[in-house]
């Protein structure tokens, strides 16, 4: 299958579905497309809420290693990691509540995208990991979103044990997931919750979205400062060697 980010609206619910054959990892072009799709559905009067989902067995493997290996200057490095900053800020600034449907594992930036959802329903197969330190960088851009959901202590535990998968149950108990279900129950649980949410007063939902994201306006600059840190580190010899090892 080819890479895509697509959208559709059904019964007042806007659906965003993304896919990449490399574990639903994100190259820059697809990150940009995701931002545009979020903004399109935000402006679509037929969508009251948004559901964010992916195809395949993995929810999202984070950044594209192929593209990371090609970065050879600070400007390009900052630009690439700003892609994740753009996505998180688009989700934060979206006037509509975003529900994440998490069917499988998430690593790195994928965890950040889940954290930027207003509500996430996941299956027991949705283990998570922040592996950035193992390749010589760190989850700097997504840290504010993840810490906002699970707290600084859990964020530190997840980050420093970068070679370990944390179970979906751990993520649920820490607050990353609002609901945890068996894989065969995910579709029905998502449909039931999203349909109920979409039936509420759109104005009330928009006000609630604003309240949930209060005190995050500084992210419009903070996340790009963090992107520059990652952009600098990704050029290090340590990171280049680690990425080549992972790719092999």
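The values are calculated or read from the model by the stated rules, or taken from the named source; none is laboratory data. It should be emphasised that the depicted structure is a prediction, and the values quoted were computed from it without experimental measurement. Neighbour counts are summed over all protein chains in view; Cβ atoms, including those assigned to glycine, are modelled from backbone coordinates with ideal geometry.
To keep it simple, each residue is scored yes or no on (1) at pLDDT 90 or above; (2) part of a loop (DSSP other than H, G, I, E, B); (3) under 27 Å from residue 214 (Cβ atoms).
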| residue | (1), (2), (3) |
| --- | --- |
| 78 | yes, no, no |
| 82 | yes, no, yes |
| 88 | yes, no, yes |
| 95 | yes, yes, yes |
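For segment 1-37, a residue qualifies if it is loosely packed, with under 15 Cβ neighbours inside 10 Å and in a loop (DSSP other than H, G, I, E, B), and the qualifying residues are 1, 2, 11, 21, 22. Return yes or no: is residue 101 closer than 27 Å to residue 209 by Cβ, within 13 Å of the chain's Cα centre (by Cα) and either modelled with pLDDT under 95 or outside any helix (DSSP H, G or I) (or both)? In short, yes. Only residues that are more than 17 Å from residue 200 (Cβ to Cβ), in contact with a helix residue (DSSP H, G or I) (Cβ under 8 Å, 6 or more places away or on another chain) and crowded, with 20+ Cβ neighbours inside 10 Å were counted across segment 38-57, and they come to 2.
Total residues in segment 132-149 satisfying the condition of being more than 14 Å from the chain's Cα centre (by Cα) and surrounded by 21 or more Cβ atoms within 10 Å (Cβ to Cβ): the figure is 3.
Could you list, in sequence order, all residues of segment 39-55 that are within 16 Å of the chain's Cα centre (by Cα) and assigned to a loop (DSSP other than H, G, I, E, B)?
55
Among helices (runs of 4 or more DSSP H) entirely within segment 108-214, having at least 1 residues that are over 19 Å from residue 97 (Cβ atoms) singles out 109-116, 143-150, 152-160, 168-174, 186-198.
Out of curiosity, is residue 238 in contact with a strand residue (DSSP E or B) (Cβ under 6 Å, 6 or more places away or on another chain) and either surrounded by fewer than 16 Cβ atoms within 10 Å (Cβ to Cβ) or not in a helix (DSSP H, G or I) (or both)? No; evaluated as a whole, the condition is false for this residue. Within segment 6-17, being farther than 18 Å from residue 89 by Cα and in contact with a helix residue (DSSP H, G or I) (Cβ under 9 Å, 6 or more places away or on another chain) holds for 6, 7, 9, 11, 12, 13, 14, 15. Say we look at segment 218-235 and pick out the residues that are assigned to a loop (DSSP other than H, G, I, E, B) and more than 24 Å from residue 148 (Cβ to Cβ); which of these is nearest to the chain's Cα centre (by Cα)? Only one residue tops the list, namely 234.
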